[in-house]
Amino acid sequence: MTDTDAARIARMNEFAQRVSASDAQATYPTLRPKDAATLILIDRSDRLPKVLLGKRHERHKFMPGKFVFPGGGVDASDKRMPVATPLEPHTEARLLRRFHHGSPVRARALALAAIRETFEETGLLLGVRSEASNVPDGPWGAFAREKILPDLRSLHFIGRAITPPGRPRRFDARFFTMDASAIAHRIEGVTGPDAELIELVWMPLGQARELDMPAVTSVMLEELEVRVAAGLRHDLPVPLYRRLRNTFLREML
């Protein structure tokens, strides 16, 4: 076993222990996990890669005051948003694995949800300059006005985590990453004291894990660090974290 393998096993065990420690409060009826998507923007222009995190408002019932990546559920409009480029084939294939009633349309919608949620929470429009018709109303309207279309080929699928049973909210969350060079435009005033995210910070990967963040966020940062070291290739396997019959698993998709 290599040092890297040992470190990865240690990280998974630590994550499993943190999840298990909260099982005493897991007294809610079992809910079906909702599809969700999260995006980690990474800036590799300097020697030390940095990632973008936002701090949630203290008044939020869900993860108050925690540092998180932008993300949320899939909207109906995500299935109808035109794109500049499709998902890279390896990315689409891994999104469809262990995906009940999954389809290319639903895989594409997950990727677009990550981009839309990032815009809604940070004001950052990710994509390339291009015009398109039939852009859905709502948040996607800003992309049409700025003549920007999402570039799905530049999106990397890096991890998936399913909230264990017994929690008040359950998500089947897909974690993506995209290079900061994909930022095509920024709308100011989206974050602030009355917004979902009160501040945004770019942090070196190694330092980011020292922030107050959910266990799954910390684990995905480490998964990202491993992938960056391996060249951030689309064909790398993608980890799935889930609990099955009281056993916490890290499986590869």
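The values are calculated or read from the model by the stated rules, or taken from the named source; none is laboratory data. All values reported here derive from a predicted model rather than from experimental measurement. Cβ: placed from backbone, ideal geometry, glycine included. Neighbour counts: every protein chain shown. For the accessible areas, the whole protein counts, side chains as well, though only heavy atoms, and no ligand, DNA or RNA atoms are used. Shrake-Rupley method; radii C 1.70, N 1.55, O 1.52, S 1.80 Å.
Tabulated values for the structure
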{"read-out": "Residue check, R227 modelled with pLDDT under 95, over 19 Å from the mean Cα position of the chain (by Cα) and either within 23 Å of A36 (Cβ to Cβ) or acidic (D, E) (or both)", "value": "no"}
{"read-out": "Test: residue in the range 126-149 that is in contact with a His (Cβ under 6 Å, 6 or more places away or on another chain) and under 18 Å from T38 (Cβ atoms)", "value": "no"}
{"read-out": "Extreme residue, nearest to E146 (Cα to Cα), among residues of the range 205-233 that are in a loop (DSSP other than H, G, I, E, B) and among the small types (G, A, S)", "value": "G231"}
{"read-out": "Listing of strands (runs of 3 or more DSSP E) fully contained in the range 162-204 that carry 2 or more residues being open to solvent by less than 40 Å² (accessible area, probe 1.4 Å)", "value": "171-179, 197-204"}
{"read-out": "So A111, is it in a helix (DSSP H, G or I), in contact (Cβ under 8 Å) with a residue 40 or more places away in the chain, open to solvent by less than 10 Å² (accessible area, probe 1.4 Å) and among the small types (G, A, S)", "value": "yes"}
